[in-house]
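Worksheet: the structure to be examined is printed underneath.
Readers should treat all values here as calculations from the given coordinates under stated rules, not as data from a laboratory. Everything numeric in this text was worked out from a predicted model, so none of it was measured. FYI the Cβ positions are ideal-geometry reconstructions off the backbone, even for glycines, and counts take in every protein chain you see.
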Amino acid sequence: MQTGFYMSSVAGQMAQSKLNDINHNLANVNTIGYMASRSSFSSMLAGQATGQTGGGPSSFPAQEQSFIDMKEGNIKQTGNDLDFAIQGDAFFRVRLDDGQEAYTRAGNFILDADGALLTQGGKPVLDAGGTAIQLPPGHITVGQDGLLAVDNVQVAEFGMVTINNPSQLGRLGNTLLTTSKDNTSPAGKDVILRQGAVEGSNVNSILAMTEMVVTTRSFEATMKTIEQYNQQASQLYDQVGLVQG
């Protein structure tokens with residue numbers, strides 16, 4: 001019965017964690033550059049989980065970790081010269097307040113009064129050398145290779161990187177991702193930058209809602225199973241008391 005309690009408890013925790021991911025994803029279905037959170041699962045032997053031996057090689061799923069879905073979102077045309085969308089496996093480089101770097105697919109940038117190119121959250125966007133991009137007044141154009149020009153004069157190049165191991169990514173807010181610099185490489189030549197467009201969230205709202213219904217039902221079934229185990233345990237203790245009396 002201990003194994004049953006353990007397995008039901010783990011299944012309940014897995015369902016709750018998955019529901020949290022789904023709720024967060026649905027809340028950001030319209031967030032530019034948002035990449036969905038997912039949960040991965042592995043198989044664990046029942047005896048391995050409870051410390052018991054014998055009884056056969058039964059196994060059950062166990063949550064391994066949450067990860068970020070790297071699938072690209074749909075690109076939407078905006079016509080705004082300060083909107084940029086990446087096609088391919090790459091991220092914009094952004095400087096955080098502590099000097100560290102973060103990475104994002106949300107290219108709906110803004111200019112401050114001094115010409116600094118910033119994220120919607122006010123973080124400086126970096127060039128290929130890791131310096132904050134500063135633009136003079138004038139008409140801004142960007143080539144597909146990420147070269148920035150103002151009035152047809154090249155002034156900077158977007159710093160775009162590829163993530164080597166996505167499993168090492170962390171989330172900072174909804175659109176900024178963090179990892180060590182050692183886990184990044186310069187973006188490949190096949191990466192294309194689109195001006196006047198943004199990348200939407202990669203969350204499919206219909207699939208997410210379906211997943212929520214299935215996961216909720218699974219969670220409710222698990223709670224009923226745990227309740228049944230509690231009832232059985234209570235009956236067992238009562239019967240043991242009667243025998244000993």
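Would you mind classifying the range 80-157 by shape? Square roots of the alpha carbon gyration tensor eigenvalues, ordered a ≥ b ≥ c; an a/c under 1.5 is rounded, otherwise it is prolate if a/b is larger than b/c and oblate if not. Walk me through the numbers before you get to the answer.
Values: a/c = 1.58, a/b = 1.21, b/c = 1.30.
Because a/c hits 1.5 or more and a/b fails to exceed b/c, the range 80-157 counts as oblate.
Sorted by mean Cβ packing within 10 Å, highest first, what order do the peptides 118-124, 192-198 take?
On the way: 118-124: 16.6, 192-198: 18.9.
Top of the packing list down: 192-198, 118-124.
Per residue of the range 72-83, what does 6.51 cos²θ - 1.76 cosθ + 1.60 with θ = phi - 60° give for ³J(HN,Hα)? Whole Hz please, x for Gly and Pro, Karplus curve as stated.
My calculation for the range 72-83 gives 6, x, 6, 8, 10, 6, 10, x, 7, 4, 9, 9 Hz in order.
Report the net charge of residues surrounding LEU147, where surrounding means a beta-carbon distance below 11 angstrom and charges are Lys +1, Arg +1, Asp -1, Glu -1.
Numbers: positive: none; negative: ASP127, ASP145, GLU157.
Net of charged neighbours comes to -3.
May I ask for the distance between the Cα centers of the range 70-95 and the range 131-207, given as a whole number of Å?
6 Å
Calculate one ³J(HN,Hα) per residue across the range 185-190 by plugging θ = phi - 60° into the Karplus curve 6.51 cos²θ - 1.76 cosθ + 1.60, and present them in order as whole Hz with x for glycine and proline.
9, x, 4, x, 5, 7
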